[in-house]
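One structure is given here, and the rest of the page talks about it.
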Amino acid sequence: DLQPGLAPDGRHIVRVHRIEAMETPHVAQTPWHKVHDVIVVSADMAARVRHAAPGLDRSTRLHCVHNGLDPQRFAPLLNWSPFRIGWCGLMTLRKNPMLALQVLFNLRVADERYHLHVCSNGGEALAIDSFFHLARHLDLIDAVHMDGTLPQHAMPDWHARNGVLLHTSLHESFGYAIAEAAAVGCDIAVLEHMGAAEFWPEATRFGTVDEAVWLIRNAAPHRWRNHIAQHFSLARQIAATAALLRAPVLAHAS
């Protein structure tokens, strides 16, 4: 709510999320001449914000500050189960949970020990109904375990019980769950979505069901923990945020 006269001598900093840039008119309608700084978490999101608000750079400084994880919260997993596949997120069409069922079906053709564990706190009725309809059609009901909603503090332990995180989303600004899973030592299989290459190595990304199956059947523990520590540590995020706050305020933003 950037109303006229609000904190005239202060500094206005806005953090833009994916939904605000892609699914609502918020970015296009924001009075950017009242904003000094805008923060996004990826180059992909920066491009989308600039596309939605073409004149933004004339008044506002745009910063890309990647998300960060505190490694102390993510103790390395001790027991690795390659046959337990994790999937987490809202059950929405954007998250694409039906693709996870197709991957699971092909995995179980090769080895029936594969199971899918889903952590979700609801979502869209169409996506939920479609997921369970397809699970019944593919005779996967007994191979899919709904772990329900977990509080944020319990997520590291949930990831640590999985062998691989299967990520099927059509788009993410970052994909925090992927980083969480990799931080505990899970392997990751990430759908080649727009912006994925900015964060996740080519060896983790798939474009077809067969490629996802190959990644999961050749998974190994602790492959990407160092990648997370080097690129997405909380310390790096804090340093980037501190640099943003220390930067002089743009004189022409008002």
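Data table
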{"item": "Any hit, region 206-216, residues being under 20 Å from Leu77 (Cβ atoms) and more than 15 Å from the chain's Cα centre (by Cα)", "result": "yes"}
{"item": "Conditions (1) in contact (Cβ under 8 Å) with a residue 24 or more places away in the chain; (2) more than 19 Å from the chain's Cα centre (by Cα); (3) open to solvent by 80 Å² or more (accessible area, probe 1.4 Å); number of the one not met by Ala240", "result": "(3)"}
{"item": "Unmet criterion (only one of (1) touching a Gly at 6+ places or on another chain (Cβ under 7 Å); (2) at positive phi; (3) open to solvent by less than 20 Å² (accessible area, probe 1.4 Å)) for Gly175", "result": "(1)"}
{"item": "Residue list for region 170-192, restricted to those being within 20 Å of Thr92 (Cβ to Cβ) and acidic (Asp, Glu)", "result": "Glu172, Glu180, Glu192"}
{"item": "Residue tally, condition outside any loop (DSSP other than H, G, I, E, B) and out of contact with any strand residue (DSSP E or B) (no Cβ under 8 Å at 6 or more places or on another chain), over region 49-64", "result": "4"}
{"item": "Selection status of Thr60, open to solvent by less than 70 Å² (accessible area, probe 1.4 Å), among the polar types (S, T, N, Q) and touching a residue at least 24 places away in the same chain (Cβ under 8 Å)", "result": "yes"}
{"item": "Candidates Phe131, Phe105 - the one that is under 17 Å from Glu211 (Cα atoms), assigned to a helix (DSSP H, G or I) and modelled with pLDDT of 95 or more", "result": "Phe105"}
{"item": "Which listed residue, of Asn67, Asn79, is assigned to a loop (DSSP other than H, G, I, E, B), of a type outside the set (Lys, Arg) and in contact (Cβ under 8 Å) with a residue 12 or more places away in the chain", "result": "Asn67"}
{"item": "Some residue of region 224-244 being in contact with a helix residue (DSSP H, G or I) (Cβ under 8 Å, 6 or more places away or on another chain), of a type outside the set (A, V, I, L, M) and within 22 Å of Leu107 (Cβ to Cβ)", "result": "yes"}
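The values are calculated or read from the model by the stated rules, or taken from the named source; none is laboratory data. All values reported here derive from a predicted model rather than from experimental measurement. Heads up, the Cβs are rebuilt from the backbone with ideal geometry, glycines too, and the neighbour counts pull from every protein chain shown. The accessibility values were calculated without ligands, DNA or RNA, using every heavy atom of the protein model including side chains. Shrake-Rupley method; radii C 1.70, N 1.55, O 1.52, S 1.80 Å.
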